[in-house]
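One structure is given here, and the rest of the page talks about it.
The values are calculated or read from the model by the stated rules, or taken from the named source; none is laboratory data. Just so it is clear, the model here is predicted, and its values are computed rather than measured. Note that we place each Cβ from the backbone using ideal geometry, even for glycine, and neighbour counts take in every protein chain shown.
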Amino acid sequence: MPIPEKTGKKVPILTFTDVSKIFDYGTHSLRGINLSISQGEFVFVCGRTGSGKSTLLRLVTRELEPTSGRIEFLGQDIAGIRYGEMPFYRRQVGVIRQGFGLFLEDKTAAENLEFVMRATGHEEETLQERAQRALSMVGLGKKTGFLVTDLSVGERKRVEIARALVNSPKMIIADEPTSSLDRDLAWDIMSLFDDINRLGVTILVVTHDREMVNLMRKRVLTFANGKILGDVKGGRYGDLV
Ligand SMILES: Nc1ncnc2c1ncn2[C@@H]1O[C@H](COP(=O)(O)OP(=O)(O)OP(=O)(O)O)[C@@H](O)[C@H]1O
Ligand SMILES: [Mg+2]
């Protein structure tokens, strides 16, 4: 899998400028967010339920549009990405959504990854090998031919991570990837993100997992009421600076 180059320079990968999101019925989910994340960073997004964390991620994936403000990925305003260019954008941002992952249930782990690669415009002859490599990375090299319905919850989470990795993204965003897992498995998954990050991939993880955040000492953003109240490098859960 080609790996993004690691350089000493701080290159912004994701920038929010005065971003607000007001939903129908008037919920102010995000209020004037300003944020810059550099290539190669590992960032935790914390905050109470309803504080706007998932909204932030869904704006990055363009599942949602901001009410106002500007979001740039590698210097490009993502609002300006045309329909035909979306597959290329999707290749660069791997996503692990909140809750149980949606899969093609009657397909194998490998076939689920191949499906995503087809949708993002990969050459047919490379698909099998790429799926195998991504599943091996998450420790499922021997289960590539299992139907996803026959996998455990933790294994499905790994397939989701492999699916997010399979396009060799520059950035991975994950919404509470460890919330349904036991401690050991949660640790395995976070360590996996750490390994991926060491390869130069930028990681943005939403989590309520206080213990994990305190152990890993990454950049910690704390959301409250649609605003960023804390942004601390090497921080702990709940740090407000
Ligand atoms: N599609 C929607 N329509 C209306 N309101 C919404 C929509 N999506 C989110 N909201 C509201 O926006 C606010 C922020 O929601 P969001 O999902 O971003 O919270 P969160 O921080 O991810 O919470 P949690 O920790 O529970 O996942 C909430 O008040 C929520 O009800
Ligand atoms: Mg959420």
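Among the residues of segment 18-31, those that are part of a strand (DSSP E or B) and either within 14 Å of ligand 1 (Cβ to nearest atom) or within 18 Å of M171 (Cβ to Cβ) (or both) comprise V19, S20, K21, I22, H28, S29, L30, R31.
When you check I161 against the structure, is it touching a residue at least 24 places away in the same chain (Cβ under 8 Å), within 16 Å of the chain's Cα centre (by Cα) and closer than 20 Å to L35 by Cα, yes or no?
Numbers: touching a residue at least 24 places away in the same chain (Cβ under 8 Å): yes; within 16 Å of the chain's Cα centre (by Cα): yes; closer than 20 Å to L35 by Cα: no.
For I161, the condition - touching a residue at least 24 places away in the same chain (Cβ under 8 Å), within 16 Å of the chain's Cα centre (by Cα) and closer than 20 Å to L35 by Cα - is not met.
Do we find that L64 is under 20 Å from E176 (Cα atoms) and of a type in the set (A, V, I, L, M, F, W, C) in this structure? Break it down into steps so the answer makes sense when it comes.
Working: under 20 Å from E176 (Cα atoms): yes; of a type in the set (A, V, I, L, M, F, W, C): yes.
Judged against the criteria, L64 is a match.
Go through segment 63-74 and give me each residue that's under 19 Å from the mean Cα position of the chain (by Cα) and surrounded by fewer than 17 Cβ atoms within 10 Å (Cβ to Cβ). Those that are under 19 Å from the mean Cα position of the chain (by Cα) and surrounded by fewer than 17 Cβ atoms within 10 Å (Cβ to Cβ): E63, E65, L74.
Checked against the criterion of being away from ligand 2 (no atom under 16 Å from the Cβ), touching a residue at least 12 places away in the same chain (Cβ under 8 Å) and surrounded by 21 or more Cβ atoms within 10 Å (Cβ to Cβ), segment 19-30 contains one or more residues that satisfy it.
None of R58, R90 is of a type outside the set (A, V, I, L, M) and out of contact with any Leu (no Cβ under 8 Å at 6 or more places or on another chain) except R90.
Taking the criterion of being among the polar types (S, T, N, Q) and either within 15 Å of ligand 1 (Cβ to nearest atom) or free of Cβ contacts under 8 Å to residues at least 60 places away in the same chain (or both), the residues of segment 35-58 that qualify are S36, T49, S51, S54, T55. Residue pairs whose Cβ atoms lie under 7 Å apart, separated by 6 or more positions or on different chains, with the first residue in segment 208-223 and within 8 Å of G235 (Cβ to Cβ) and the second at pLDDT below 95 and more than 14 Å from ligand 2 (Cβ to nearest atom), are V220/D239.
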